[in-house]
Amino acid sequence: ASLSTIGVKVGSCSEDECVAAPCGNGQKCVDPNTAKGSKFDFVCTCDSDPSLSAIGKTAICEVDECGSSPCGAMQTCLDTNKGPNSLGDFECSCASGAKNVGGPATCATGTADECMPDPCNGQQCVDPDTTATSTGDFVCTCTNGKGSATGKAAVCEVDECDASPCGGGQSCVDNDKSVMASGDFICSCDAPATGTATGGAATCIVDECSQNPCGADQTCVDADTSAMSFFDYTCTCKNGVTATGGLATCEIDECAADPCGMGQTCEDPNKDYTSQHDFKCTCDSDT
(Lines give C-alpha, C1' and ligand atoms only; values in the text may rest on other atoms or scores of the structure.)
Protein backbone atom coordinates (compact mmCIF):
# COMPACT_ATOMS: atom_id res chain seq x y z
CA ALA A 1 0.00 0.00 0.00
CA SER A 2 1.15 3.65 -0.66
CA LEU A 3 1.90 6.13 2.10
CA SER A 4 -0.47 9.04 2.49
CA THR A 5 0.08 12.45 4.08
CA ILE A 6 -3.54 12.83 4.85
CA GLY A 7 -3.96 13.62 8.51
CA VAL A 8 -0.21 13.84 9.09
CA LYS A 9 1.49 17.21 9.86
CA VAL A 10 4.61 17.47 7.71
CA GLY A 11 5.51 21.20 8.39
CA SER A 12 4.17 24.79 8.72
CA CYS A 13 2.62 26.42 5.66
CA SER A 14 3.00 30.02 7.04
CA GLU A 15 5.93 32.28 7.95
CA ASP A 16 5.55 35.55 10.02
CA GLU A 17 8.46 37.78 9.06
CA CYS A 18 8.00 39.88 12.19
CA VAL A 19 9.26 36.98 14.33
CA ALA A 20 12.82 38.00 13.48
CA ALA A 21 12.14 41.59 14.70
CA PRO A 22 13.23 43.26 11.45
CA CYS A 23 11.94 46.69 12.56
CA GLY A 24 14.12 47.00 15.63
CA ASN A 25 13.37 48.92 18.84
CA GLY A 26 10.84 51.75 18.88
CA GLN A 27 8.83 50.34 15.97
CA LYS A 28 5.93 47.91 15.66
CA CYS A 29 6.03 45.15 13.03
CA VAL A 30 2.98 43.75 11.24
CA ASP A 31 3.12 41.02 8.55
CA PRO A 32 -0.18 41.19 6.64
CA ASN A 33 0.57 38.03 4.60
CA THR A 34 2.31 35.19 6.41
CA ALA A 35 2.22 32.74 3.50
CA LYS A 36 5.63 31.17 2.83
CA GLY A 37 5.75 32.61 -0.64
CA SER A 38 5.18 36.16 0.60
CA LYS A 39 8.45 37.93 1.38
CA PHE A 40 9.34 41.47 2.52
CA ASP A 41 5.75 42.65 2.83
CA PHE A 42 5.98 43.29 6.57
CA VAL A 43 5.22 46.87 7.74
CA CYS A 44 7.32 48.78 10.28
CA THR A 45 5.49 51.61 12.09
CA CYS A 46 7.16 54.15 14.40
CA ASP A 47 5.95 54.11 18.00
CA SER A 48 6.64 57.87 18.28
CA ASP A 49 4.53 58.72 15.24
CA PRO A 50 2.20 56.04 13.76
CA SER A 51 1.94 58.06 10.57
CA LEU A 52 5.59 57.18 9.82
CA SER A 53 5.99 53.64 8.41
CA ALA A 54 7.82 51.58 5.79
CA ILE A 55 7.16 48.25 3.97
CA GLY A 56 9.82 45.58 4.02
CA LYS A 57 12.34 47.67 5.91
CA THR A 58 12.89 49.74 9.04
CA ALA A 59 10.93 53.01 9.07
CA ILE A 60 12.64 56.37 9.44
CA CYS A 61 11.22 57.72 12.69
CA GLU A 62 11.52 61.25 14.10
CA VAL A 63 11.53 61.67 17.84
CA ASP A 64 11.06 65.17 19.31
CA GLU A 65 12.45 64.67 22.77
CA CYS A 66 11.04 68.04 23.86
CA GLY A 67 7.51 66.64 23.55
CA SER A 68 7.73 65.14 27.04
CA SER A 69 8.91 68.50 28.54
CA PRO A 70 12.20 67.13 29.88
CA CYS A 71 13.43 70.61 30.80
CA GLY A 72 10.54 71.52 33.07
CA ALA A 73 8.16 74.48 32.97
CA MET A 74 10.67 77.27 33.60
CA GLN A 75 13.18 76.31 30.87
CA THR A 76 13.14 76.26 27.07
CA CYS A 77 13.69 72.96 25.24
CA LEU A 78 15.21 72.64 21.76
CA ASP A 79 15.72 69.34 19.87
CA THR A 80 17.52 70.08 16.60
CA ASN A 81 18.07 66.42 15.62
CA LYS A 82 14.94 64.28 15.76
CA GLY A 83 16.44 61.15 14.15
CA PRO A 84 15.68 57.77 15.79
CA ASN A 85 19.31 57.25 16.66
CA SER A 86 19.74 60.72 18.12
CA LEU A 87 18.59 60.60 21.70
CA GLY A 88 19.62 62.75 24.61
CA ASP A 89 20.80 65.62 22.42
CA PHE A 90 18.00 68.07 23.32
CA GLU A 91 19.08 71.35 24.90
CA CYS A 92 17.55 73.05 27.95
CA SER A 93 18.00 76.82 28.34
CA CYS A 94 17.38 79.11 31.33
CA ALA A 95 16.03 82.65 30.95
CA SER A 96 19.35 83.87 32.35
CA GLY A 97 21.22 82.19 29.47
CA ALA A 98 22.49 79.04 31.20
CA LYS A 99 22.22 75.88 29.00
CA ASN A 100 22.58 72.11 29.28
CA VAL A 101 22.37 69.22 26.80
CA GLY A 102 20.35 66.12 27.63
CA GLY A 103 18.68 67.42 30.77
CA PRO A 104 17.58 70.51 32.73
CA ALA A 105 20.10 73.32 33.01
CA THR A 106 21.22 74.79 36.33
CA CYS A 107 19.43 78.15 36.44
CA ALA A 108 20.40 80.96 38.76
CA THR A 109 18.10 81.55 41.70
CA GLY A 110 17.58 84.45 44.05
CA THR A 111 17.85 88.08 42.97
CA ALA A 112 19.89 89.88 40.33
CA ASP A 113 19.82 93.68 40.04
CA GLU A 114 20.64 94.40 36.39
CA CYS A 115 21.54 97.97 37.27
CA MET A 116 24.83 96.67 38.63
CA PRO A 117 27.42 97.64 37.66
CA ASP A 118 26.27 100.39 35.21
CA PRO A 119 24.40 99.33 32.03
CA CYS A 120 23.00 102.86 31.55
CA ASN A 121 26.42 104.55 31.21
CA GLY A 122 25.88 107.08 33.98
CA GLN A 123 22.14 107.52 33.49
CA GLN A 124 19.60 106.73 36.19
CA CYS A 125 18.88 102.97 36.24
CA VAL A 126 15.86 101.20 37.73
CA ASP A 127 15.32 97.42 37.64
CA PRO A 128 11.60 96.79 38.39
CA ASP A 129 12.06 93.01 38.64
CA THR A 130 15.25 91.77 40.25
CA THR A 131 14.44 88.04 40.12
CA ALA A 132 17.15 85.98 38.44
CA THR A 133 14.84 84.88 35.62
CA SER A 134 13.92 88.48 34.69
CA THR A 135 16.44 89.96 32.27
CA GLY A 136 16.56 93.00 30.00
CA ASP A 137 13.80 94.89 31.82
CA PHE A 138 15.92 97.58 33.48
CA VAL A 139 15.02 101.17 32.57
CA CYS A 140 17.57 103.91 31.80
CA THR A 141 16.45 107.53 32.29
CA CYS A 142 18.42 110.60 31.22
CA THR A 143 19.73 112.80 34.04
CA ASN A 144 20.85 115.48 31.59
CA GLY A 145 17.98 116.06 29.21
CA LYS A 146 14.89 114.08 28.36
CA GLY A 147 14.55 110.43 27.32
CA SER A 148 14.34 106.86 28.62
CA ALA A 149 14.82 103.33 27.28
CA THR A 150 14.25 99.74 28.44
CA GLY A 151 17.14 97.29 28.38
CA LYS A 152 19.68 99.80 27.08
CA ALA A 153 21.05 103.31 27.57
CA ALA A 154 18.59 106.05 26.57
CA VAL A 155 19.07 108.58 23.77
CA CYS A 156 18.94 111.88 25.67
CA GLU A 157 17.60 115.13 24.25
CA VAL A 158 18.16 118.64 25.59
CA ASP A 159 15.93 121.44 24.31
CA GLU A 160 17.97 124.57 24.98
CA CYS A 161 14.87 126.71 24.41
CA ASP A 162 13.39 125.42 27.69
CA ALA A 163 15.59 127.93 29.54
CA SER A 164 14.16 130.85 27.47
CA PRO A 165 17.60 132.01 26.30
CA CYS A 166 16.16 134.48 23.77
CA GLY A 167 14.20 136.56 26.27
CA GLY A 168 10.98 138.45 25.63
CA GLY A 169 9.86 139.54 22.18
CA GLN A 170 11.70 136.67 20.48
CA SER A 171 10.91 133.07 19.58
CA CYS A 172 13.35 130.18 20.10
CA VAL A 173 13.88 127.06 17.97
CA ASP A 174 16.33 124.23 18.81
CA ASN A 175 16.64 122.01 15.72
CA ASP A 176 19.25 119.64 17.20
CA LYS A 177 18.34 118.45 20.69
CA SER A 178 21.15 115.90 21.12
CA VAL A 179 23.22 116.26 24.29
CA MET A 180 26.37 116.97 22.29
CA ALA A 181 24.76 119.85 20.36
CA SER A 182 25.08 123.00 22.45
CA GLY A 183 24.53 126.63 21.50
CA ASP A 184 22.84 125.90 18.17
CA PHE A 185 19.40 127.26 19.07
CA ILE A 186 18.04 130.13 16.93
CA CYS A 187 16.42 133.29 18.27
CA SER A 188 14.08 135.21 15.96
CA CYS A 189 12.53 138.61 16.65
CA ASP A 190 8.75 138.79 16.83
CA ALA A 191 6.99 140.87 14.17
CA PRO A 192 7.09 143.69 13.29
CA ALA A 193 10.72 143.53 14.38
CA THR A 194 13.26 141.68 12.24
CA GLY A 195 16.48 139.88 13.12
CA THR A 196 17.83 136.41 13.97
CA ALA A 197 20.81 135.01 15.85
CA THR A 198 22.25 131.56 16.65
CA GLY A 199 23.23 130.69 20.20
CA GLY A 200 21.92 133.86 21.82
CA ALA A 201 19.36 136.65 21.72
CA ALA A 202 19.01 138.43 18.39
CA THR A 203 19.45 142.14 17.82
CA CYS A 204 15.94 143.16 16.82
CA ILE A 205 15.32 146.00 14.41
CA VAL A 206 11.99 147.82 14.12
CA ASP A 207 11.86 150.23 11.17
CA GLU A 208 8.64 152.07 11.83
CA CYS A 209 8.75 153.59 8.36
CA SER A 210 8.17 150.14 6.85
CA GLN A 211 4.47 150.55 7.64
CA ASN A 212 4.37 153.87 5.71
CA PRO A 213 3.00 155.96 8.59
CA CYS A 214 3.68 159.29 6.83
CA GLY A 215 1.61 158.57 3.76
CA ALA A 216 2.53 159.07 0.13
CA ASP A 217 3.17 162.82 0.24
CA GLN A 218 5.62 162.90 3.13
CA THR A 219 9.06 161.40 3.64
CA CYS A 220 9.59 159.03 6.59
CA VAL A 221 12.89 158.57 8.43
CA ASP A 222 13.36 156.29 11.47
CA ALA A 223 16.64 157.33 13.06
CA ASP A 224 16.48 154.74 15.88
CA THR A 225 15.42 151.25 14.76
CA SER A 226 16.12 149.49 18.07
CA ALA A 227 13.32 147.25 19.31
CA MET A 228 12.64 149.46 22.34
CA SER A 229 12.35 152.66 20.31
CA PHE A 230 8.81 153.50 19.15
CA PHE A 231 7.13 156.54 17.59
CA ASP A 232 10.42 158.35 17.02
CA TYR A 233 10.16 158.35 13.23
CA THR A 234 10.02 161.70 11.43
CA CYS A 235 7.56 162.72 8.70
CA THR A 236 8.76 165.54 6.43
CA CYS A 237 6.58 167.53 4.07
CA LYS A 238 7.76 168.52 0.62
CA ASN A 239 8.04 172.09 1.82
CA GLY A 240 10.26 171.02 4.74
CA VAL A 241 7.74 170.96 7.55
CA THR A 242 8.39 167.98 9.86
CA ALA A 243 6.72 166.07 12.67
CA THR A 244 7.88 163.25 14.95
CA GLY A 245 5.81 160.14 15.57
CA GLY A 246 3.00 161.13 13.22
CA LEU A 247 1.95 163.01 10.11
CA ALA A 248 3.33 166.53 9.68
CA THR A 249 0.95 169.44 9.11
CA CYS A 250 2.23 170.63 5.80
CA GLU A 251 1.45 174.19 4.59
CA ILE A 252 1.64 175.10 0.95
CA ASP A 253 1.09 178.75 -0.01
CA GLU A 254 -0.11 178.48 -3.57
CA CYS A 255 0.36 182.26 -4.00
CA ALA A 256 4.12 181.84 -3.70
CA ALA A 257 4.24 180.83 -7.34
CA ASP A 258 2.40 184.10 -8.35
CA PRO A 259 -0.41 182.25 -10.10
CA CYS A 260 -2.46 185.47 -10.53
CA GLY A 261 0.15 187.49 -12.47
CA MET A 262 0.73 191.23 -12.49
CA GLY A 263 -2.07 193.60 -11.54
CA GLN A 264 -3.74 191.02 -9.30
CA THR A 265 -3.46 190.14 -5.67
CA CYS A 266 -3.32 186.47 -4.63
CA GLU A 267 -4.71 185.12 -1.41
CA ASP A 268 -4.54 181.49 -0.24
CA PRO A 269 -6.95 181.10 2.73
CA ASN A 270 -6.10 177.41 3.33
CA LYS A 271 -2.46 176.47 3.17
CA ASP A 272 -2.88 172.82 4.17
CA TYR A 273 -1.13 170.55 1.69
CA THR A 274 -4.37 168.67 1.09
CA SER A 275 -6.06 171.85 -0.07
CA GLN A 276 -5.17 172.62 -3.67
CA HIS A 277 -6.32 175.32 -6.12
CA ASP A 278 -8.31 177.24 -3.53
CA PHE A 279 -6.27 180.45 -3.84
CA LYS A 280 -8.14 183.68 -4.77
CA CYS A 281 -7.04 186.28 -7.34
CA THR A 282 -8.33 189.88 -6.96
CA CYS A 283 -7.77 192.70 -9.46
CA ASP A 284 -5.84 195.60 -8.08
CA SER A 285 -8.13 198.03 -9.92
CA ASP A 286 -11.03 196.78 -7.87
CA THR A 287 -9.45 197.61 -4.58
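Keeping every protein chain in place, order 87, 78, 52 by accessible area at 1.4 Å, biggest value first, i.e. largest first. Write out the running numbers ahead of the final one.
Values: 87 115, 78 95, 52 50 Å².
Descending accessible area places them as 87, 78, 52.
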Let me test this: with uniform point scatterers at the alpha carbons of region 160-287, what is the Debye-based log₁₀ I(q)/I(0) at q = 0.12, 0.14, 0.17 1/Å? -0.65, -0.75, -0.88
Quick numbers on region 71-214, Rg and Dmax over C-alpha atoms in Å, give 28.9, 104
Rounded if a/c is under 1.5, else prolate if a/b beats b/c, else oblate: with a ≥ b ≥ c from the C-alpha gyration tensor eigenvalues square-rooted, which is the chain? prolate
Report, ordered by chain and residue number, the lysines lying within cross-link reach of residue 280, taken as a straight Cα distance under 18 Å and ignoring same-chain residues fewer than 8 apart. 271
How much length is gained on full extension from residue 93 to residue 190, taking 0.36 nm per residue of separation minus their Cα-Cα distance? 28.5 nm
To the nearest 0.05, how large is the calculated FRET efficiency for residue 232 and residue 164 if R₀ is 35 Å and r is the Cβ-Cβ distance? 0.80
Starting from the Cα of residue 146, draw a straight line to each of the aspartates and glutamates and keep only those under 20 Å, dropping any in the same chain fewer than 8 residues away. 118, 127, 137, 157, 159, 160, 162, 174, 176, 184
Entries of 39/82; 99/152; 36/57 with Cα pairs more than 26 Å apart: 39/82
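The values are calculated or read from the model by the stated rules, or taken from the named source; none is laboratory data. Everything quoted here is computed from the prediction, not taken from an experiment. All Cβ positions, even for glycine, are placed from backbone atoms using ideal geometry, and neighbour counts span all protein chains on display. Side chains are part of the model used for accessible areas, which takes the heavy atoms of the whole protein and leaves out ligands, DNA and RNA. Shrake-Rupley method; radii C 1.70, N 1.55, O 1.52, S 1.80 Å.
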